[in-house]
Every structure is written in C-alpha cells, then in structure tokens.
Ligand SMILES: Nc1nc2c(ncn2[C@@H]2O[C@H](COP(=O)(O)OP(=O)(O)OP(=O)(O)O)[C@@H](O)[C@H]2O)c(=O)[nH]1
Ligand SMILES: [Mg+2]
C-alpha cells in the first residue's frame, strides 16, 4: 500500500504536502431512483444517460469528480430489479459487481417510492456486503420532511449505514454535504485518472448511449427494452465535422416499423435530438446516420453484451 502514500507525479507545488485522497463509490439502488442524474450532477457533465423510464442504465459507467484534494470515481450501476431476460440478469449482476469493487457504497432510494418494490430486497442483499455504506434519499423535492425521517429510520433499522443524506439530484439540494463527506472519508492515495478526465466511456459508446436515451424518451412500451444502439463508424472530416453512423437493433420487423415511424417521423426526431446533443458535446458539427436493423436474437448474442461492457450470463 506504499504507493497510496505518495502524491501523484508532477504535483510538486506548494500543496504537495497535503496528501491526495481517492476512491471508488458505487451508486446502487432500485431502477429509476435517480442514480445517473446524481452522477451527472456531481461530475458536472452528462456522462450517463437519464430517462423517466425504468432500466435506463445497462452497464457500469464511471464518472470522475474532484472535490478538494479527493478524486472520487463514481460507478453508476444499472438499477437492481427482479431480472427476467438474459440482459436483465447481466445488468443486475453488473450492479452487484460494481458494489464489490467499491471503497464505499451509496444506496440511493427514491423517497417518494420508499422501500416499496425492490428497495427491501436490495437492503437484504446489502447485508452481506462488507464495505461501508451510506444511505441517500433522493427526490426530496417531492416529499414531506416527516415522511423522509420515517423512511430514513426504517432503512437504518435494516442496515447499519454510516450516514444518511437527503438530497435532490435535480436541484442539487444536499449534494454539497454529500461531496464533503465523500471527500473526507475516502482513503489517502494517488488519483486514478488525469485531472481533466470525467468518464472512462469511449466517445463512440457515449454517442451510442445518447441516441439510446433519445429512443427511450421517444418510444414507448416494450420498444426501448427491445432495442440496442451501436456506433459503427466515426469519421473525422477535413472541414472539422464528424460523420457518425449508428445501428439501432430491434428484435422484430413490427418494432422496426415503429422505430421508423410514419413517414420516418420517429427516427427523424430521434436522430435530430441525438445529433443536437452530440454536436454540443463534441463542439463540432455532426452528421448522424441512423440505421434500424432487425436482429431477432440480439438479447442472446454474446457480442452485443461485450459491446455494452456486460458479462454474458450462460444458460
Ligand atoms: N423530482 C425529481 N426527479 C428526479 C430527481 N432525480 C432524478 N429524477 C428523475 O428520476 C428519473 C430517473 O432518473 P435516472 O437518473 O435515469 O434514474 P436511475 O436510478 O439512473 O435509473 P436506472 O438507470 O433505470 O436504474 C428521471 O426522470 C429523473 O429526471 C430528483 O431529485 N427529483
Ligand atoms: Mg441510470
């Protein structure tokens, strides 16, 4: 552990005496609790996609923030729920895997929803997890204070949390205290990433995620869950623009029709929204080409799981 006592190389200024701190914080919780919203808020940029629908995040996304002298690597995980499909199982396994790799576990609960649904089962699952745990009650803009206190007491009865925070990931209320606590609590050690890095997601993958977010926002019922987006081509052009080609995989021809929409309306709207966000993010003009392909068994294809950064569950 000696390397944990040296400040990072090149840090020979007057503050070199103050040791740096660093560590991994896993954001876990039921789906739709607001984990990705919090990650983006704390990192100060969009690194993980957000939607009002459940099961938006599919694999672990790391977002990196610096607070005082501490580099905090947040691991946004897929929400934990009762899995049905192979993809569901891979998502839930990845979430618990994220918890195992962390220095500290942040359990996020939607205060409006409380422990109903998957909350109770997650608290039970956490009992065998060794790392220090904190409870974060989110969406406090939606509930009464007395209900929050009751919820905090009920959760703390089941698990020994080191601290409980009450926040709103959308307004930022309570997030400063949370960051102060994390910065103080994570161990002394060198930073894991360069100072200006905010995510470990390759740009091609983030671009595919941005399109998937637009698809989640625009399409309904089973379609978002039956689809998957990959970036196939990324071509920087001499004029400073970039040409990006992406494929939206769906499972059936009927879904392809819905994804395209009447006269191509749906795909046009998805493409426009995604292109707008991508060009803002990349700070360059983007030519985005979306293709919808039917691939009946993409949900059982190991290559698709690899592309998403998920282990392929056998059987
Ligand atoms: N009112 C309110 N809404 C919030 C807050 N935080 C998040 N939301 C909303 O909750 C919904 C779900 O947010 P996400 O960040 O996608 O939730 P998640 O936990 O990452 O969900 P999964 O990836 O599906 O597990 C979105 O519509 C957010 O805008 C909050 O503090 N207050
Ligand atoms: Mg999420």
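Quick one: order 260, 151 by neighbouring beta-carbon count within 10 Å, fewest to most.
260, 151
With no solvent and one equal point scatterer per Cα, compute the Debye intensity ratio I(q)/I(0) for region 21-185 at 0.09, 0.13, 0.15, 0.16 Å⁻¹ and report its log10, rounded to two decimals.
Once normalised to I(0) and log-transformed, intensities are -0.25, -0.54, -0.74, -0.85.
Each label point is 7 Å from the Cα along the Cα-to-Cβ direction; what then is the distance between the points at residue 236 and residue 145, in nm?
Reported label-point gap for residue 236 and residue 145 is 5.4 nm.
Starting at 0 and stepping by 10 Å, how many percent of the alpha carbon pairs of region 203-308 end up in each bin?
All Cα pairs considered, the percentages come to 15, 49, 29, 7, 0.
Just to be sure I understand the curve: with the Debye formula and one point per C-alpha of region 246-315, what is log10 I(q)/I(0) at q = 0.12 Å⁻¹?
These q points yield log10 I(q)/I(0) values of -0.43.
Under the Kirkwood approximation applied to all pairs of distinct alpha-carbon atoms, what is the hydrodynamic radius of region 129-200 in Å?
It is 14.3 Å.
Tell me what the chain gives for mean residue ellipticity at 222 nm when only DSSP H runs of n ≥ 4 count, each as -39,500 (n - 2.57), the sum divided by the residue total, rounded to 500 deg cm²/dmol.
-10500 deg cm²/dmol
Label residue 100 and residue 85 with points 7 Å out from Cα along Cα→Cβ: what is the distance between them in nm?
2.5 nm
Using only the alpha-carbon atoms, how far is helix 265-282 inclined from the longest principal axis of the chain? Give it as 0 to 90 degrees, nearest 10.
Compared with the principal axis, the helix lies near 50 degrees.
Let me know the Rg and Dmax you get for region 192-243 when you use only its Cα atoms, in Å.
Just the Cα atoms of region 192-243 yield Rg and Dmax of 14.6, 42 Å.
For the pair residue 130/residue 156, report the inter-label distance in nm, with labels modelled 7 Å from Cα in the Cβ direction.
2.6 nm
When only C-alpha pairs under 8 Å and at least 6 residues apart count, what is the relative contact order of the chain, in percent?
Once divided by the residue count of the chain, the mean separation gives 19 percent.
Sort all Cα-Cα distances of the chain into consecutive 20 angstrom bins from zero, then give the percent of pairs in each bin up to the one containing the longest distance.
Per 20 Å bin, starting at 0, the Cα pair percentages come out as 31, 55, 14, 0.
Could you tell me how many degrees, from 0 to 90 and to the nearest 10, lie between the Cα long axis of helix 203-218 and the main elongation axis, the longest principal axis, of the Cα atoms of the chain?
Roughly 70 degrees, rounded to the nearest 10.
Evaluate E = 1/(1 + (r/R0)^6) for residue 197 and residue 289, where r is the Cβ-Cβ distance and R0 equals 41 Å; express this FRET efficiency to the nearest 0.05.
Efficiency computed from Cβ-Cβ geometry: 0.90.
Coordinate-derived values only; no laboratory data. Small disclaimer: the values here were computed from a predicted structure and weren't measured. Ideal geometry is used to build each Cβ from the backbone, glycine not excepted, and the neighbour counts take in all protein chains shown.
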